[in-house]
Amino acid sequence: VADWSPATGVRVATLAPELPGALDVVDRLVAKGVVVSAGHSAATEAEATAGFDAGIRMVTHLTNAMSKDIDAPGLRPAAIADPRVTIALIPDGLHVEPELVAEVRRRVGRDREAPRELLGLLLHPNRRALEESRASALPEK
């Protein structure tokens, strides 16, 4: 990560804030202008909050591959509760059930949801077209 920056093509980086050394990486990336997102994580609420305090400002694919219980302890409720955090959802009915999408949107508001254009930066390159087509097929709420 030493050379990661928007100038080298890295605008967004996703990491698990509970991993050893993660908060130091967050600090270095934020100082270089990279948006750091939490994801692929088993963080507790305290670990997630420590990440947000260190400069994480987004959560990648919130609710994807997570418990259907929106209040289950961990990254999700910490992100929903923290107004500094932008929420990235894949609202395609495949990755996240429509009921969970609606509940997250109800709790955080659309102003904290990542714009669809940003989702393209967070998706695996081979799946981008599929995800965008599914996301665009869903009605706006």
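Remarks
- A viscosity of 1.306 mPa s and a temperature of 10 °C, combined with the Kirkwood radius over C-alpha pairs in the Stokes-Einstein formula, give the stretch 1-126 a diffusion coefficient of 109 µm²/s.
- Sequence-distant residues sharing a close amide H with Thr86 (under 5 Å, placed H): Met58, Val59
- Solvent-accessible area, 1.4 Å probe, carbon plus sulfur percent, for the stretch 1-58: 56
- Heavy atoms of Glu97: accessible area, 1.4 Å probe, square angstrom to 10: 60
- By the equivalent-ellipsoid construction on the alpha carbon gyration tensor, the stretch 31-90 comes out with semi-axes of 18, 12, 9 Å, ordered largest to smallest.
The values are calculated or read from the model by the stated rules, or taken from the named source; none is laboratory data. Everything quoted here is computed from the prediction, not taken from an experiment. Just so you know, the surface numbers come from the protein's heavy atoms only, side chains and all, with ligands and any DNA or RNA stripped out. Shrake-Rupley method; radii C 1.70, N 1.55, O 1.52, S 1.80 Å.
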